[in-house]
Amino acid sequence: MDGTHDLGGKQGFGPIQVQHEYLAFEHYWEGRMWALAQTTRNPHLTIDWFRHLVECLEPQAYLTMPYFEKWAMAHLAGLTMSEVFTTAQIIEGTCNKTNERPPDATLEDVLVSARNKSRTFQLKSTIAPAFKTGDIVHTLSHGKRGHTRLPGYMRARQGKILSHHGAHSFADEGAKGLEMAQHLYTVVFSARELWGNEASKIDTVSAELWESYLVSA
């Protein structure tokens, strides 16, 4: 999906503001948003669908909203689309199940629960990988509708297969609620291949890319 979110490799946005003092959340409401995201049950809202919803934000909103406000907008959209509640209920501050109250939980309870929910996205596949370590490949030259993990600045570029990671859940289909196994590779590119002769001749950039993003050179 071509959109404002695909900022990799683009110039003109100024330096990244780095906080030297580590803060998990800059504001109290951000912690609440993180906790809500960890505890709200919505089996339809996969990680890839969530990312796609964030990518659908209007450009002005995407570039000006704080990180966790984007989370809030994506979760509200996803839960509304899944009919967990309606737009009217969001405005009114009501919900469908007013008599149910989740058990009280401390921050440590939520952290432990989040750790226990960690999962692997590796899947079994009966299809042999199309590439092997050392192969020279080209990436696709175009984008497509919907979610994709192929950055714009890596399209129509030549790279080398650095490693093969087996088959994993293909993000493009995961954003549609489908689980499809596809081979995943680490592909390494020279900086000059990505950004021209002004880039350092000794630098490289590696990315994990799915097989359908690649063709033989």
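The values are calculated or read from the model by the stated rules, or taken from the named source; none is laboratory data. Given the structure is predicted, the values throughout are model-derived calculations rather than measurements. Cβ placement follows ideal geometry from the backbone for every residue including glycine, while neighbour counts extend to all protein chains displayed.
Of the listed requirements (1) farther than 30 Å from K144 by Cβ; (2) assigned to a loop (DSSP other than H, G, I, E, B); (3) not charged (D, E, K, R), L45 misses just one: (1).
Inspect the stretch 56-63 for any residue being among the hydroxyl-bearing types (S, T, Y), outside the structural domain of R149 (by TED's automatic domain parsing) and not in a helix (DSSP H, G or I) and give the result as yes or no. So far as the stretch 56-63 goes, no, none of its residues is among the hydroxyl-bearing types (S, T, Y), outside the structural domain of R149 (by TED's automatic domain parsing) and not in a helix (DSSP H, G or I).
Residues considered: T64, T40, T46, T86. Of these, the only one that is closer than 20 Å to A114 by Cβ, among the hydroxyl-bearing types (S, T, Y) and over 17 Å from the mean Cα position of the chain (by Cα) is T40. For the stretch 174-216, taking the residues that are touching a residue at least 60 places away in the same chain (Cβ under 8 Å) and surrounded by 18 or more Cβ atoms within 10 Å (Cβ to Cβ), the one that is farthest from F131 (Cα to Cα) is identified as A175. Out of the residues in the stretch 70-85 meeting the condition of being buried (at least 16 other Cβ atoms within 10 Å of the Cβ) and more than 14 Å from C56 (Cα to Cα), tell me which one is modelled with the highest pLDDT. The residue in question is L79. Candidates G78, G31, G9: the one that is more than 24 Å from A114 (Cα to Cα) and over 14 Å from the mean Cα position of the chain (by Cα) is G9. Note on the stretch 1-38: among residues that are touching a Pro at 6+ places or on another chain (Cβ under 7 Å) and surrounded by 13 or more Cβ atoms within 10 Å (Cβ to Cβ), the one that is farthest from H142 (Cα to Cα) is T4. Close contacts from the stretch 18-40, counting a first residue that is aromatic (F, W, Y) and a second that is loosely packed, with under 11 Cβ neighbours inside 10 Å, with Cβ to Cβ under 9 Å and a gap of 6+ residues or different chains, come to W34/A24.
The single residue among Y28, Y62 that is of a type in the set (S, T, Y) and more than 22 Å from G146 (Cβ to Cβ) turns out to be Y28.
Every condition in (1) part of a loop (DSSP other than H, G, I, E, B); (2) surrounded by 16 or more Cβ atoms within 10 Å (Cβ to Cβ) is met by F50 except one, and the failing one is (1).
Of the residues in the stretch 91-103, not one is surrounded by 12 or more Cβ atoms within 10 Å (Cβ to Cβ) and modelled with pLDDT of 75 or more.
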